[in-house]
Amino acid sequence: MNKVSIFDTTLRDGEQSPGCTMSLNEKIEMALQLERLGVDVIEAGFAASSDEDFHAVKTIASALEHCTVASLCRAVKSDIDRSAEALKGARARTRCHVFLATSDIHMKYKLKMTREQVLDKTREMVAYAVPLFDEVQFSAEDATRSDRAFLIQVAQAAAAAGATIINLPDTVGYTSPGEMMELVRAVKNALPEGICIATHCHDDLGMGVANSLAAVKAGATQVECTINGIGERAGNAALEEIVMALKVRQDYYGAQVDTNTQQLYRTSKLLSTIIGVPVPPNKAIVGRNAFAHESGIHQHGVLAERSTYEIMRPEDIGISLNSMVLGKHSGRHAFEDRLNILGHHLTKEQLDIAFAEFKKLAEKKKTVNDRDIEALVRQWGREEKETYKLEGFVVNSGSYISSTACVRVNKEGTVIEKVSMGQGPIDAAFKAIDRITKLGVKLEAYTINAVTEGEDALGEVVVKLHKDGETYTGRGLSTDIFESSIKAYLNGINKIVG
């Protein structure tokens, strides 16, 4: 039974997808959850790309205890040095992930290098990185469109220089499962025993997961992937799909992973909340409909024997079936106990805030269920500076009057109130906030989702604000849609100024 390592690149490749940027606090929160999930390697970022990325890699490396932390590098000494500096204080193992393109099209038009130059650069940069990190991984960018013989030459050169992991990326999602199997077998057979073959498959043709699994079947012992499949263009191979495929079909793939699958659902929901991108209901493994059965025939089969139509259980990915309803008379102990069952780990300070918000919600709703609690924790269970805090608001709107809003906020002890008109009450409220903050932000997107069913359902609003070339995600939660919207806008503003 081959041990397959899960290399998560949600914080690097995943964050490169449009609208999926994360703040430093959000990256740390995501990294800690990925460690609870039990991934083997976390690619924390591209340290040389910016001071922000450098700081993120450094902070994440110092926060994680068990996962290997990787930093991406071009085949350039300054990139490697920058990554080494960022990973210097790591508590766990460190990895340099150095890449260089090997396809003729990339070498000619992007690198403007000959094959001999690429070979020399590979040897030089891998050898340079080896003494600076616990391990070095070499990626042959665009491997699936590279000349097979030349690709093997480069892989052999990297291994001879000290790389212990050779990654074969399907950079543009071009290959097919059969081709991937042939490629992995060819490269694996050409390398010394003990070299790990890895894959990094994009999903441009919808085959990212299939290609990754084909690589495992052919002998790859590391798979690069992201939560919910986020990433450049159409995204990456989805971690949750790969892990559950290897678990459910262990008989076929002959591989095992150390991932704690009961943390999959929570990890997916956390990422969705952080980046403000909802999980499609028909998404495999973690989508809302993944374990739903509407057909009468299916329902009858599941009631008679679950395995008729379910190849895995909701509990396997962390969806709790033991739903306890809490109310306004429920105490802190019951609330904390439910959080533990749902897999949430809060500090005392975070728990204090979350419990206070739970009591407020319980006064408005007759019952508070698991989805309400999870939404509360996602909204209030994180430590973020609140420069602007909502004190109160009034909105007026109707068919025969202009929409107006009066918003009052507390800015670090000073109460500020402004009134504005708008195309609707929410637009008016946002303009009133703009008059208070004077930041000149642009609203790029606004979405609202009901957390639960019923007339007293929590409404979760997500906004994306644009400022100075950066996009910031704000979230708000309330049984009042106007309040949710105002809180979401202020949450985004606080990230900009914080």
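The values are calculated or read from the model by the stated rules, or taken from the named source; none is laboratory data. Keep in mind it's a predicted model, so treat the numbers as computed, not measured. Cβ: placed from backbone, ideal geometry, glycine included. Neighbour counts: every protein chain shown. Heavy atoms of the whole protein, side chains included, go into the accessibility calculation; ligands, DNA and RNA do not. Shrake-Rupley method; radii C 1.70, N 1.55, O 1.52, S 1.80 Å.
A few comments on the model shown:
- Computed with every protein chain present, the accessible area of Asp427 is close to 50 Å² [probe 1.4 Å].
- Rounded D (µm²/s) - the stretch 33-75, Kirkwood Rh over Cα pairs, Stokes-Einstein at 37 °C, 0.692 mPa s: 309 µm²/s
- In degrees, nearest ten, helix 24-37 long axis to first principal axis of the chain (Cα): 70 degrees
- Here the stretch 179-276 is treated as a Stokes sphere of Kirkwood radius computed over C-alpha pairs; at 20 °C and 1.002 mPa s its diffusion coefficient rounds to 152 µm²/s.
- Proportion of all alpha-carbon pairs of the stretch 131-177 beyond 14 Å (%): 51 percent
- Å² per residue, accessible surface of the chain at 1.4 Å: 44 Å²
- Binned Cα-Cα distance frequencies in the stretch 92-131 - 10 Å width, integer %: 28, 45, 21, 6
- Nearest 10 degrees, 0 to 90: helix 348-364 Cα axis against the chain principal axis: 50 degrees
- Alpha-carbon centroids, the stretch 351-422 and the stretch 239-255: separation in whole Å: 43 Å
- Charge context of Pro177, other residues only, Cβ under 11 angstrom, K/R +1, D/E -1: -2
- Alpha-carbon Rg/Rh ratio, for the stretch 341-498, with Rh computed the Kirkwood way: 0.97
- The longest stretch of the chain left intact once loop-based trypsin sites (Lys or Arg not before Pro) with at most 11 other Cβ atoms within 10 Å are removed from consideration, loops following DSSP, is 113-365.
- In the chain, the longest principal axis of the Cα atoms and the axis of helix 239-248 are about 70 degrees apart.
- Rel. contact order, % - alpha carbon contacts under 8 angstrom, at least six apart, the chain: 10 percent
- For the chain, the share of accessible area belonging to carbon and sulfur comes to 50 percent (1.4 Å probe, ligands and nucleic acids excluded).
- Size check on the stretch 12-89: the Cα extents along the three principal axes, sorted descending, read 33, 29, 18 Å.
- Here the translational diffusion coefficient of the chain follows from Stokes-Einstein with Rh set to the Kirkwood radius across Cα pairs; for 25 °C and 0.890 mPa s it amounts to 100 µm²/s.
- For the stretch 72-231, pairs of C-alpha atoms spaced more than 24 angstrom apart make up 31 percent of the total.
- Taking the C-alpha atoms of the stretch 381-461, convex hull volume expressed per residue in Å³: 139 Å³
- Its residue count N sets the reference 2.2 N^0.38 Å, and the alpha-carbon radius of gyration of the stretch 104-150 equals 1.26 times that reference.
- Heavy atoms of His66: accessible area, 1.4 Å probe, square angstrom to 10: 140 Å²
- Net charge contributed by nearby residues that have their C-beta within less than 11 Å of Gln256 (K/R +1, D/E -1): +1
- Rh (Kirkwood; distinct C-alpha pairs) - the stretch 1-148, Å: 15.9 Å
- Helical contribution to [θ] at 222 nm, DSSP H n ≥ 4, -39,500 (n - 2.57), averaged over the chain, rounded to 500: -12000 deg cm²/dmol
- Exposed-loop-free span, longest in the chain, where GluC sites (Glu not before Pro) count as exposed if DSSP calls them loop and at most 16 other C-beta atoms lie within 10 Å: 66-192
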